[in-house]
Structures are given as C-alpha cells and as structure tokens.
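Down below is the structure, laid out as structure tokens.
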Amino acid sequence: MSDLLKLSGVHTHIGRYHILQGIDLAVPEGQVTMLLGRNGAGKTTTLRTIMGLWQASSGEITMSGERIESRATPDIARLGVGYVPESMAVFSDLTVKENLVLAARDAEMDDKQLEWIFGFFPALRRFWLSRAGSLSGGQKQMLSIARAIIEPRKLLLIDEPTKGLAPAIVGALIECLKEIKRKGATILLVEQNFFAARELGDTVLVMDNGTIVHRGAMAALAADVPLQERLLGLSLEAHQ
Amino acid sequence: MTELTASDPLPKPKRDIAPILLPVALALLTIPLVGSPSTWLTLTAASLAMGMMIFIMASGLTLVFGLMDVLNFGHGAFIAVGAYVATLVFAPFAASVQADSLWVNLAVLAPAALLSMAVSGALGLVVERVLILPVYGQHLKQILMTTGGLIVAEQTLYALWGPQIIPMPLPASLRGSFILGDVAIAKYRVLATLIGLAVFIAIQLVLNRTKLGLLIRAGVENREMVEALGYRIRRLFLGVFMTGSALAGLGGVMWALYREQVHASMSDELTVLIFVVVIIGGLGSIGGCFIGAILVAMVANYGGFLVPKLALVSNILLMVAILMWRPRGLYAVTSR
C-alpha cells in the first residue's frame, strides 16, 4: 500500500520554541494512522504543520508525491485535505447549514453524502437552521467532522475528536469514524482516548518531545501493556 | 457540566435584543428631559442622520478590525480624501450644484460620491499592499504604519489643496427643512439617514444572503479555519479593506456636506468617534456598529443640548458605560 502522506525530517519552531524536532512519518493510503503521545508531545503541531497553519522550518512534506511544506493552507486544503481541529472551530455565528455550505466550497452539497452524514449525526438535520454556537459540545464536534467529510477528501487530519465529550457521544463518533474508514478514507488521527485509538487505528505512531518514538501496528501496541505504560504512561485496562 | 446528547432538544437560541432597545430607551428617556417635543424630534432626527454618517465611515473599519485583525489608525485618511475628491467634481459644476432642481443636484452629487468611493477604494488597495501587508499580525507596527500613513495623507492634502478650509455648500434642493407642524427636519439629514439605512441593508444582505458574506462572517470569527477549508482569505481581506475604504470615502463626502466644508484634518475629530463606535459595537459586528453609531450620535446631540459641558467627554463616558456592561462590545463577534 502506497503512502499518501510523508514527512521527512520535519522541524517546526513556534517563536523561540523548537516543537517538532525532525519528524519522519508516513500515512498509508486507505488506513487510519493514530498519532498518540502525552500532552505537549507535538501531535497538534504535527497536524498544523501538515496543514500549513504553522510553517515547517525545515524538512519535507509530500502528499501523493507532491511537496507541500511551502504551500499556503488553502492550497493544501484544495489538494483534498480535510482538517478537524482540536477546538472544533465551528463558525458559531453561522447556522449548521451555512457551516456545511462553506465546507462544500465550490460544489453544491451532495444530497446522498448529506443523508449519509445525517444518518450518523441526526442532530445536524434537526438543527439545520440553528446557529452553530448554540449547539452542545458533542453536536459541535459532529458538525466539525461533517464539515470535513461533506466533500470527498483524500486525507483527513483529525485532532482529538473525543476530547471532553460524554461517553455516549464518543461512541457515536467512533462509529462514524469507523464508517468513514470502511469507505476507504485515509485518516491521520490524534487521540488521547486509548480505547478509541484501539478501535480505529490500523497503524500507530507515538510522539514524545517532538519526535516519533514508536511506530507499528495498533493491534500490537494494544496487546502490549508494558509498552503502553512505557510510551504513554497508561495501561489499557485503566481505559476499559 | 451536563452534556446534551444528539437526541436532546436544543435550547432555543436567545435573540439578544437588549442592545437594540438601548437607543430606543435612551430616546424615550430624554423626552421629559428635553421638554419640548419638537426640539426632541429635531434632536432625534439629527442623531439619526449623524449616526448614519458615522456608521458609513465606521462599518468598513469594524470589518477590517474583525476580519483582518488590523488596527488601522489611518482610516480617517480615506474620509478626508473622499471629501477632497468630491470638491474636484463640485467645483466645475458649481452652477449645477446651486440649481434649484433635485435631479440636477443629484446628477452632480452621485458622480461625486461614486468618484470619491472609487478613489478612496483605490487608495485602500495601495495602503493594504504597501503599509498593511508587511505588518499583518503585528499590532504595534500596524499602529505606527497607519498613523504614519494618516500623517502623510494629511500633509499631501495640505500640499495639494493648501491649508485653507474649502467650502462645500449643500446643493440647493437639499437646503432647508421639511416642516411637520412645528417640527423642522433638515432635508439633508433625511437624505443622510436614508443613505445610511441603504448602506446598512446592503451590507446586511451581502453578509447574510451571499456566500461571500458567509466567508466574511466566518473569517471574522476564525480566519484560520476558513483557510483550512480552502479559501484564500487574503483576497477577501483586500476586498473588504477596499470596500471599507470606499465607504469611508462616501462618509467623507456626506460629512463634508453636513459641515459644508472640507479640510485636511477633518478626519481627526471623526477618528475618535469612529473608534468609539467600533469598540462599543463589538469588533467585527456590523449590527453593533450600527447601534453604536446611533448611540454615539444620540449622546452627542441630546448630551450637547442638555448638558453642553459634558459634550466633550460624553462619548468616552458612553464607551465606559457600555464596556462595563458588555466588555467585548454590544455584539461580540470575534474572540479577540
């Protein structure tokens, strides 16, 4: 399976802080790659650097073989990259519909795709004309993900989608992401919830201090409790 | 915190009408204080006209603030340039301006306003490219650059037109007042109010009924996310900056006609008012800017009539009161 996204020796500085310190990673096409690590390890910075929201100071980022590290964020998005930030970043002054109209960019919203999204997130249909700012946290997360998948994307970058959500909503989100995965999407997913990571991930990358310290199959990490404890300072049992 | 599930009914969004009621309450409150109904009506009409002119000048600045996070202290230059450009049209057509026909007057006034908007808009393009572009995200440098730009613009106007005040008489058909009983409402104030309302409605239609408007509203709230959706927001910045500059030019023409004079530092008195309006309205909020402009004008007119000594500080007192009530302005749009 070919790699859709590759990072080679990527460094990112934010002000005087050296956050990413030579990241090498590959995201295989059609797979869900989990990016795990403690708070402050550099996971969000990795996604933002890929998206061009923070400029890589050095290194190469390629998408389908094309160099993108110097491109502007809109150009990277137009290559087919959908981004769901940690903060959800829904436009709270706009309605649910308007949020999705913007996400569809130049195209009309595809009714079939919309129905598929409503199947997972019925709340979005119900609150179609409500201001996004009045949605609950879970509903905002649904909208944020819906915005990323309203059009077919080659790659989805999703940052901690389950953070701060009630367990019932986390379950619905995991089911949705599984369905997106079944449709063949390529996803780079940052997640703190190890249970969610285990459910969704094909491969896993673990970050610490701005570098990748582990890479392998998600199933292997899920089965190796001592390794989890060493890399992440947790045990799977604690999350079950 | 209790989390709503997808199946829970959503609390109905509350319509925030308190800021809308504020000017109404202020107007009603002053009826007994002013005493004479006809004086009160005249003051109210004057407030609306002045408020609309300030709104036209401030609307562009609030969008520039909200969308671009740019502190443009040179916004007043577009006002002055707009007014001066109008004199270039008025001077050769002085006879038409003084003709006793509304249509003949408008045949001069409309092109003058359009030319002023075009020149101010074009100047906005130059200012954005030359002064603002290198200092995006750097507030202190923005203040220095745009203040410097304002000084250069003022001195250029002095150099080109001289230091004297240039008279800009109202067209003949806009002089005088409509008399309703014992109430006199100046014709020009009615026109200014109508133009201001038209500009407000046009901006609201663009912002709420078009995709461009969606992008602007989204960009005011979260520029980064708009870019992450694939939109090149810099072009939008430029368009909004030029539109804001053009509106300032239009406001300059209207203000010059209101005062019947043009001078290079005319923007100095207005800049403070405009910033007060933008701040109390809430950065980036057109609705807040509209209400803020009316409030500022009301406080200036009612306050000037009731307590003339307070007139100098009335707007600052208004700003303090509003910010104590709502620290991010009447309608907070951005999180900045």
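No value in this document is a laboratory result; all are computed from the given coordinates. No experiment lies behind these values; they were computed from the predicted model shown. Note: ideal-geometry Cβ built from the backbone for every residue, glycine included; neighbour counts use all protein chains shown.
A few notes on this one:
- DSSP beta bridge pairing in region A:125-240, given as percent antiparallel to the nearest 5: 55 percent
- For region A:151-240, trypsin sites (Lys or Arg not before Pro) meeting the loop criterion (DSSP other than H, G, I, E, B) and having at most 14 other Cβ atoms within 10 Å: A:K183.
- Note on B:S101 and B:L197: with the Förster distance fixed at 41 Å, the Cβ-Cβ geometry gives a FRET efficiency of about 0.95.
- Normalising the average separation of contacting C-alpha pairs (under 8 angstrom, six or more residues apart) by the number of residues puts the relative contact order of chain B at 34 percent.
- Peptides B:155-163, A:59-67 ranked from most to least packed give A:59-67, B:155-163, packing being the mean of other C-beta atoms within 10 angstrom over each peptide's residues.
- Label-to-label distance for A:V225 and A:D202 is 3.0 nm, based on points extended 7 Å past Cα in the beta-carbon direction.
- Within chain A, the proportion of C-alpha pairs whose separation exceeds 31 Å stands at 21%.
- Dipole magnitude of region A:21-97, debye to nearest 20 (Cβ charges: Lys/Arg +1, Asp/Glu -1, about Cα centre): 180 debye
- Ordering of B:119-127, B:44-52, A:24-32 by burial proxy (mean other Cβ atoms within 10 Å per residue, highest first): B:44-52, B:119-127, A:24-32
- Flagged links, alpha-carbon separation over 25 Å, of A:K178/B:K211; A:K154/A:K178; B:K141/B:K309; A:K112/A:K181: A:K178/B:K211; B:K141/B:K309
- Estimated distance in nm for a label pair at A:A168 and B:Q204, the labels positioned 7 Å out from Cα along Cα-to-Cβ: 3.9 nm
- For region B:250-336, the spread of Cα positions along each principal axis, largest first, Å: 39, 31, 18
- Between region A:14-50 and region B:307-336, the alpha-carbon center distance in angstrom: 45 Å
- Space enclosed by the convex hull of the alpha-carbon atoms of chain B, per residue, Å³: 170 Å³
- B:I165/A:D24 FRET efficiency (R0 56 Å; Cβ-Cβ; nearest 0.05): 0.20
- Candidates B:F55, B:F178, B:F275, ranked by Gaussian network fluctuation over chain B, Cα under 10 Å, top entry: B:F178
- Inter-part distance where region B:67-140 and region A:59-111 are each reduced to a Cα centre, Å: 37 Å
- Loop GluC sites (Glu not before Pro), region A:97-137, which have at most 13 other Cβ atoms in a 10 Å radius of their Cβ (DSSP): A:E108
- Per-residue ellipticity at 222 nm, computed for the protein assembly as shown from helices alone with -39500 (n - 2.57) per DSSP H run of at least four residues, works out to -18000 deg cm²/dmol.
- Aspartates and glutamates whose Cα lies under 12 Å from that of A:K6, excluding same-chain neighbours fewer than 8 positions away: A:D24, A:E29, A:E60, A:E66, A:E69
- The protein assembly as shown: equivalent-ellipsoid semi-axes (sqrt of 5 x gyration tensor eigenvalues, Cα, Å): 54, 26, 20
- Unit Cα scatterers, Debye sum, region B:31-89: log10 I(q)/I(0) for q = 0.14, 0.25, 0.27 Å⁻¹: -0.61, -0.98, -1.06
- Its Cα gyration tensor gives region B:75-164 an equivalent ellipsoid. The semi-axes, each the square root of 5 times an eigenvalue, are 32, 14, 8 Å from largest down.
- Close amide H pairs (under 5 Å, H built 1.01 Å from N) link A:H214 with A:V206, residues at least 5 positions away or on another chain.
- Percentage relative contact order, region A:150-240, counting C-alpha pairs under 8 Å, at least six apart: 23 percent
- Under the span-like rule (Cα at least 30 Å along the axis, Kyte-Doolittle mean at least 0.0), DSSP H helices of chain B: B:37-68, B:102-127, B:139-161, B:187-209, B:233-259
- Angstrom value of the Kirkwood radius, inverse mean 1/r, which spans all Cα pairs in region A:10-135: 16.9 Å
- Chain A - percent relative contact order, Cα under 8 Å, separation 6 or more: 27 percent
- Chain B: most fluctuating residue of B:H75, B:H263, B:H139 per GNM, C-alpha cutoff 10 Å: B:H139
- Gaussian network model of chain B, springs between alpha carbon atoms under 10 Å - residue of B:V320, B:V296, B:V85 with greatest fluctuation: B:V320
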